[in-house]
Amino acid sequence: MPSRSLNVEAPVLAPSMLKCDFADLAGEVRRLESAGAQVLHWDVMDANFVPNLSYGAMLIKSLRSRTELFFDAHLMIADPAKYLNDYVAAGCDAVTIHIEAVPAPGELLERIRKAGVKAGLALNPQTPVEQVAPHLGQCDLVLVMSVQPGFGGQAFIPDVLQKVQQLRSLVRPGTWISIDGGIGPDTIAEAATAGAQLFVAGSSIFDHNDYQAALRDMESRAAAAWRGAQGRDSAGEAG
Ligand code: DX5
Ligand code: ZN
């Protein structure tokens, strides 16, 4: 089944469902939908690849019947090859695996794509771009971690912005660049200027009492940063 589509020509916020109220998941999905969210980011943790346990394919599948929003699954698991089919069958529209878990991800990325799902590759803050570079042609999405994976609510690591810039110049047009961890009103603009398009945000949405206001505020900050970066690029070309 082909995946749902998503337009990232304008900055898109992806609420991280790790930070939502697990006791009221369906309610949270409804509230995010009416707040204008287009994507839900599902953080899957196995207490092995990362020191935390979250949820898996069964839970994601149960929410699939409640919404047509784009499902962006982030697999922080040690053995994605073993569980991949479950996430495809659960109705995920993008499935991202970690280069640190699968140093030779070519075959897995191909499997994801063949299933009609967007294939993503994530890299941790300390992992250099050179490690993912040989595989970029097989990626629809590259996810730059801006915190150590495992927990929400951590502080943004600004050093990763350089990697976002580097990736922007390496990926083929049409490959999405996503950033995940510590994204909020104070950090989204610099992430957008560096070239990110899909912004994963947990605390800065769920700790807010008005999801719509939080989403709109961050989207407009990212859009303004893009306009600023474009202005500088074209001034550079003209000069
Ligand atoms: C961390 C997860 C993130 C995280 C984001 O391992 O991948 O998606 O939950 O949460 P905040 O926005 O609070 O850093
Ligand atoms: Zn994530």
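Exposed loop positions in the chain were taken to be GluC sites (Glu not before Pro) whose DSSP state is not H, G, I, E or B and which have at most 16 other beta-carbon atoms within 10 angstrom. Between these positions, the longest stretch is 69-239. In terms of other Cβ atoms within 10 Å, SER146, SER34 run from fewest to most in the order SER34, SER146.
The fewest-to-most ranking of CYS92, CYS20 by surrounding Cβ atoms within 10 Å reads CYS20, CYS92. Amide H contacts of ALA122: ILE97, HIS98, ILE99, LEU143, each under 5 Å away and 5 or more positions distant or on a separate chain (H built 1.01 Å from N in the peptide plane; Pro and chain starts excluded).
Multiplying the residue separation of ASP79 and ASP21 by 0.36 nm and subtracting their alpha-carbon distance yields 18.1 nm. Quick check on segment 80-239: take the gyration tensor over C-alpha atoms, sort the square-rooted eigenvalues as a ≥ b ≥ c, and tell me if it's rounded (a/c under 1.5), prolate or oblate. Oblate. Note on the chain: GNM, Cα springs under 10 Å; of SER203, SER62, SER16, the largest mean-square fluctuation is that of SER62.
Taking only C-alpha pairs under 8 Å that are 6+ residues apart, what is the relative contact order of the chain in percent? Answer for the chain is 20 percent. With contacts taken as Cα pairs under 8 Å at a separation of at least 6 residues, segment 1-41 carries a relative contact order of 57 percent. In order along segment 80-90, the Karplus-derived 3J(HN,Hα) couplings, from 6.51 cos²θ - 1.76 cosθ + 1.60 at θ = phi - 60°, round to x, 4, 5, 10, 3, 4, 4, 6, 5, 5, 6 Hz, and Gly and Pro are given as x. With helices as the sole contributors, the chain gives -11000 deg cm²/dmol at 222 nm; each DSSP H run of n ≥ 4 counts as -39500 (n - 2.57), and the sum is divided by every residue. With a cut-off of 10 Å between beta carbons, the residues surrounding LYS19 carry a summed charge of -4, where Lys and Arg count +1 and Asp and Glu -1.
The phi-based Karplus calculation (6.51 cos²θ - 1.76 cosθ + 1.60; θ = phi - 60°) puts the 3J(HN,Hα) values of segment 114-128 at 4, 7, x, 10, 6, 9, x, 10, 10, 9, 6, x, 8, 7, x Hz, whole numbers, x for Gly and Pro. What's the center-to-center distance, using Cα atoms, between segment 113-160 and segment 32-66 in Å? Segment 113-160 and segment 32-66 have Cα centres spaced 17 Å from each other. Placing a pseudo-label 7 Å from each Cα along the Cα-to-Cβ vector at SER234 and VAL8 gives an inter-label distance of 2.4 nm. Over segment 101-239, Cα pairs under 8 Å with separation of 6+ residues give a relative contact order of 18 percent. Could you tell me which of rounded, prolate or oblate describes segment 161-231, using a ≥ b ≥ c as the square roots of the eigenvalues of the alpha-carbon gyration tensor, with rounded for a/c under 1.5 and, failing that, prolate when a/b is larger than b/c and oblate otherwise? Prolate shape, in that a/c is at least 1.5 and a/b is the bigger ratio. For segment 60-74, backbone phi angles converted through the Karplus equation (6.51, -1.76, 1.60; θ = phi - 60°) give residue-by-residue couplings of 4, 4, 5, 7, 4, 6, 9, 7, 9, 4, 5, 9, 10, 8, 10 Hz, Gly and Pro being listed as x. Each Lys and Arg adds +1 at its Cβ and each Asp and Glu adds -1 at its Cβ; summed about the Cα centre, segment 139-239 shows a dipole of about 280 debye.
Read-outs throughout are calculated quantities, based only on the coordinates presented, and are distinct from any laboratory measurement. Predicted model, so just to flag it, every value in this text is computed and none were measured. For neighbour counting, all protein chains shown are included, and Cβ atoms are generated from backbone atoms with ideal geometry for every residue, glycine included.
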